[in-house]
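The values are calculated or read from the model by the stated rules, or taken from the named source; none is laboratory data. Fair warning: this is a prediction, and the values are worked out from it, not measured in the lab. Cβ coordinates were reconstructed from backbone atoms using ideal geometry, including for glycine residues, and neighbour counts include every protein chain displayed. The accessibility values were calculated without ligands, DNA or RNA, using every heavy atom of the protein model including side chains. Shrake-Rupley method; radii C 1.70, N 1.55, O 1.52, S 1.80 Å.
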Amino acid sequence: MEYQQFLKSLNNTEPPEGSLLLQAMWFDAKGDWDQAHRIVQDMDGASASWIHAYLHRKEGDLGNAGYWYHRAGRNRSEADLSSEWEEIVKALL
């Protein structure tokens, strides 16, 4: 799947099949932070930790976000949230 296809999938009522990490980002874009968080909260790996960090940054919990950025091996993003969302999705694709 390419980025533009992923964006078009946001018009659907269900996330695209496949990657749970992309599904988390899909739910976040659809305004369902809780479902996005439920997906990644028990997952391991740098990508899941990056999404987890992004979600807590979006929530405004910067201390928790910092923990997850560290687990992801990344510095806290200074980009606006929509730019970081795009960066994550493109990295996952």
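Accessible surface area normalised per residue over the chain is 58 Å², counting heavy atoms of protein chains with a 1.4 Å rolling probe.
For the chain, a simple Cβ point-charge model (Lys and Arg +1, Asp and Glu -1, everything else neutral) yields a dipole of about 160 debye relative to the Cα centre.
In percent, rounded to a whole number, the relative contact order of the chain is 24, using alpha-carbon pairs under 8 Å and six or more apart.
Taking one quarter of the surface of the convex hull spanned by the alpha-carbon atoms of the stretch 39-78 gives a direction-averaged projected area of 2.4 nm².
With R₀ set to 22 Å, the beta-carbon distance separating residue 91 from residue 64 gives a calculated FRET efficiency near 0.55.
Extension gain for residue 79-residue 11 works out to 21.9 nm (0.36 nm per residue, less the C-alpha to C-alpha distance).
Any idea what angle helix 81-92 forms with the longest principal axis of the chain, computed on alpha-carbon atoms, 0 to 90 degrees, nearest 10? Once rounded, the angle reads 70 degrees.
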